[in-house]
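Structure, as structure tokens:
The values are calculated or read from the model by the stated rules, or taken from the named source; none is laboratory data. This is a predicted model, so every value here is computed, not measured. All Cβ positions, glycine included, derive from the backbone under ideal geometry; neighbour counts span all protein chains shown.
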Amino acid sequence: MFKKSRRKIVAAIMSILVSLWVGTLCVIYGSSYYEVSNRSREMLERHVELYLLEHPPANGAIPDKPPGPDMGRPHFEDTPAFQLSTFYSVAISKDGQTLEINNGKEGVYSNRNLEQIAYGILENGHLSGVKDNLIYCMADKGGYTLIAFMDNTIIKESMTTLFQYTLIFGGLAMLALFFLASYLAKKIVQPLEISYQKQKQFISDAGHELKTPVSVVSANAELLSRELGPNQWLANIQYENERMGMLVGQLLELARTENVTPVMESLDFSRLVGGEALPFESVVFEKGLSLQYKITRQILVQGNSPQLKQLTSILLDNAIRHSKPGGEILLTLESKRNYACLIVTNEGEEIPEEQKKQIFERFYRADPARNSESQHYGLGLAIAKAIVDAHNGKIDVKCFEGKVAFAAQIPLNK
């Protein structure tokens, strides 16, 4: 129980931290990439505005369009970033002839390469975009079309490197925070675990201490009844002492189930459930109910025989006590998703959702009007849950169409 609580605390802390980390990473990386790309695009557009043909045709048939107004743009040409950037350009005449190819400072791309890319962009018709790690911009320069490029490789590699290092160091930080969260979760749950252990120890100690006086009272009451004969007050003492003995027995059984690790062995769960259900047929008949079976054969589990028998008895006894008059009880055992599913269904009143969360707690009774005259003290389902937990299983209750079903899942023997 406390392991699950610790896991939930760690999961909650880590999910918040990971969400914050991923969100921050996306915002920083996205905004940085957008800012750098936008600045590169503006520099490229400025380069296009300033561009003039180095070798215009001799006949002057294709005039250069003079640079346009700044339109509020920063003077990129005066910045080191602009001066150190590598630009490529291809000028194409209106009739589709290549007028000039500027291969930049480094000559990373061949003229043939740039020309092919430029004609592809011209055919595509997009004025700007990215092509083969090149940011491009296409503009009409009056008598010709200029397609300019700016290499995006360094920017892309820089952003990739930034992203990789952020992931590496962020991952290491998350790992360190995971161990810190585990430590904090252990510290948070520790007082509750100590209190729970003390409570279990108290129940066990109280049960053992009460056994002796209950036995003494029972023995003395029996002797007095032989001497005095029928006596109303003595009968009351015997009745209440018997109830006290039943309660002490259930407390000790609960303490033993929770504190002692059961001896596990390979069991035929189908045979065990069928054999344990047989004695209840007479009880069901006396109550005017009917008991139906649906047990799949040869379901094997690794478990403790006495505890699994007790689990079956508790669920059947609970169904009998809460069935409507003349109702039907269905006992089902089947294998499903690596679990042996023991389901006991009875016709009864629906259990409210808020009570379902508490029904497996000690001394809890779903029916507040029910008194203790039935010699049941709200410990049966708590013992059933302790047995299921000891077998690494799960237990739940569901209500549907006027029926109540208690389902216990025990892992199959692999």
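For the range 282-292, residues that are touching a Leu at 6+ places or on another chain (Cβ under 6 Å) and surrounded by fewer than 17 Cβ atoms within 10 Å (Cβ to Cβ) total 1. Take the conditions (1) in a helix (DSSP H, G or I); (2) touching a Cys at 6+ places or on another chain (Cβ under 9 Å); LEU333 misses just one of them, which is (1). Of all residues being in contact with a Lys or Arg (Cβ under 7 Å, 6 or more places away or on another chain), without any contact (Cβ under 8 Å) to a residue 60 or more places away in the chain and outside any loop (DSSP other than H, G, I, E, B) in the range 103-157, which is nearest to THR86 (Cα to Cα)? Just the residue, please. Filtering first and then ranking leaves ILE117.
Matching residues to (1) within 15 Å of ILE147 (Cα to Cα); (2) in contact with a helix residue (DSSP H, G or I) (Cβ under 7 Å, 6 or more places away or on another chain); (3) surrounded by 13 or more Cβ atoms within 10 Å (Cβ to Cβ); (4) at pLDDT below 85:
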residue: HIS47; (1), (2), (3), (4): yes, no, yes, yes
residue: TYR51; (1), (2), (3), (4): yes, no, yes, yes
residue: HIS55; (1), (2), (3), (4): no, no, no, yes
residue: ASN59; (1), (2), (3), (4): no, no, no, yes
residue: ILE92; (1), (2), (3), (4): yes, yes, yes, no
residue: GLU106; (1), (2), (3), (4): no, no, no, yes
residue: GLY125; (1), (2), (3), (4): yes, no, no, yes
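A search for C-beta distances below 9 Å between a residue of the range 309-337 that is at positive phi and any residue that is surrounded by fewer than 17 Cβ atoms within 10 Å (Cβ to Cβ), counting only pairs 6+ apart in sequence or on different chains, returns GLY326/GLY288; GLY326/SER290. Applying a threshold of 7 Å to beta carbon distances and a minimum spacing of six or more residues, or different chains, the list of pairs starting in the range 265-278 at a residue that is β-branched (Val, Ile, Thr) and ending at one that is surrounded by 18 or more Cβ atoms within 10 Å (Cβ to Cβ) reads VAL273/THR312; VAL273/LEU333; VAL273/LEU342.
For the range 287-308: of the residues being of a type outside the set (Ser, Thr, Tyr) and assigned to a loop (DSSP other than H, G, I, E, B), which is nearest to THR261 (Cα to Cα)? Within the range 287-308, the match that is nearest to THR261 (Cα to Cα) is ASN304.
Taking the criterion of being over 17 Å from SER270 (Cα atoms) and not in a strand (DSSP E or B), the residues of the range 394-414 that qualify are GLU401, GLY402. Residues of the range 293-329 that are out of contact with any strand residue (DSSP E or B) (no Cβ under 6 Å at 6 or more places or on another chain) and acidic (Asp, Glu): ASP317 alone. Whenever a residue of the range 176-194 is small (Gly, Ala, Ser), its partners that are at pLDDT 85 or above, lying with C-beta atoms within less than 7 angstrom and at least six residues away or across chains, give the pairs ALA181/VAL10; ALA181/ILE13; ALA181/MET14; SER182/VAL10; ALA185/ILE9; ALA185/VAL10.
Exactly one residue among ILE329, ILE299, ILE314, ILE295 is within 21 Å of ASP396 (Cα to Cα), surrounded by fewer than 19 Cβ atoms within 10 Å (Cβ to Cβ) and hydrophobic (A, V, I, L, M, F, W, C), and that residue is ILE295. Selection of first residues in the range 236-252 that are without any contact (Cβ under 8 Å) to a residue 24 or more places away in the chain and of second residues that are surrounded by fewer than 15 Cβ atoms within 10 Å (Cβ to Cβ), restricted to Cβ pairs under 8 Å at least 6 apart or on distinct chains, gives the following pairs, ordered by first then second residue: GLN238/GLU222.
Within the range 179-221, the set of residues being among the hydroxyl-bearing types (Ser, Thr, Tyr), surrounded by 11 or more Cβ atoms within 10 Å (Cβ to Cβ) and at pLDDT below 85 comprises TYR196, SER204, SER215, SER218.
Is it the case that some residue within the range 9-21 is of a type in the set (S, T, N, Q), closer than 30 Å to ALA181 by Cβ and at pLDDT 85 or above? Yes, the range 9-21 has at least one match.
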